[in-house]
1. Give the number of residues within segment 19-40 that are surrounded by fewer than 18 Cβ atoms within 10 Å (Cβ to Cβ) and at negative phi.
2. All but one of (1) in contact (Cβ under 8 Å) with a residue 40 or more places away in the chain; (2) open to solvent by less than 40 Å² (accessible area, probe 1.4 Å) hold for E69, so report the exception by its number.
3. What residue, among those in segment 76-102 that are at pLDDT 95 or above and assigned to a loop (DSSP other than H, G, I, E, B), is surrounded by the fewest Cβ atoms within 10 Å (Cβ to Cβ)?
4. Answer yes if at least one residue in segment 41-57 is over 14 Å from the mean Cα position of the chain (by Cα), among the hydrophobic types (A, V, I, L, M, F, W, C), surrounded by 14 or more Cβ atoms within 10 Å (Cβ to Cβ) and modelled with pLDDT under 95, and no otherwise.
5. Among (1) in contact with a Gly (Cβ under 6 Å, 6 or more places away or on another chain); (2) among the aliphatic types (A, V, I, L, M); (3) open to solvent by less than 40 Å² (accessible area, probe 1.4 Å), there is one condition I110 misses while meeting the rest; what is its number?
6. More than 23 Å from M1 (Cβ to Cβ), modelled with pLDDT under 95, outside any loop (DSSP other than H, G, I, E, B) and under 11 Å from the mean Cα position of the chain (by Cα): is that true of A115 in this structure?
Amino acid sequence: MKCPACFNELTELQVGSLFVDACQGGCGGIWFDAFELQRVDEESEEAGERLLEIRRDARVMVDPARKRECPRCAGVKLKRHFFSAKRRVEVDECPNCGGYWLDAGELAAIREERAEAATTAAARQSVISSETIRYLDRLQTQSRGGREE
């Protein structure tokens with residue numbers, strides 16, 4: 001398969017039980033077939049660690065504005081969109097096979113974004129709502145024999 005960004009030959013890499021195609025020695029991008037990205041997009045997923053260090057050639061320049069072709073589906077252009085509602089990372093997805101192309105650094109950015117979201121969610125769960133505080137205050141007042149109006 002050819003790299004959709006710099007046209008280098010992609011190299012198949014095995015990471016755990018996952019097989020992906022990477023542009024080693026070129027632009028450093030990675031091709032994920034449908035549903036593969038979900039297996040490495042969180043920092044807790046060890047398989048993704050190795051994919052953060054794809055060898056790349058700093059002299060290879062990639063035009064982010066150029067339409068890219070799916071390396072799997074002949075003649076099908078990848079659709080560029082934001083990976084999440086946070087609108088930090090743009091990815092290329094094939095509308096035909098559901099595969100994803102990530103440019104160098106995008107996997108790390110996605111994993112970081114996911115980690116931040118998990119931390120925020122955990123913090124929200126640990127915060128006591130004002131409704132809960134009022135309820136506890138009423139209980140305390142009632143246990144002291146006072147009446148709340």
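1. Residues meeting the conditions: 5.
2. The single condition E69 does not satisfy is (2).
3. Only one residue fits best here, namely P95.
4. Yes, the conditions are met somewhere in segment 41-57.
5. (1)
6. In short, yes.
The values are calculated or read from the model by the stated rules, or taken from the named source; none is laboratory data. Note that the coordinates shown come from a computational prediction; the quantities given were computed from them, not determined experimentally. Glycine gets a Cβ as well: all are built from the backbone with ideal geometry, and neighbour counts include every protein chain shown. Side chains are part of the model used for accessible areas, which takes the heavy atoms of the whole protein and leaves out ligands, DNA and RNA. Shrake-Rupley method; radii C 1.70, N 1.55, O 1.52, S 1.80 Å.
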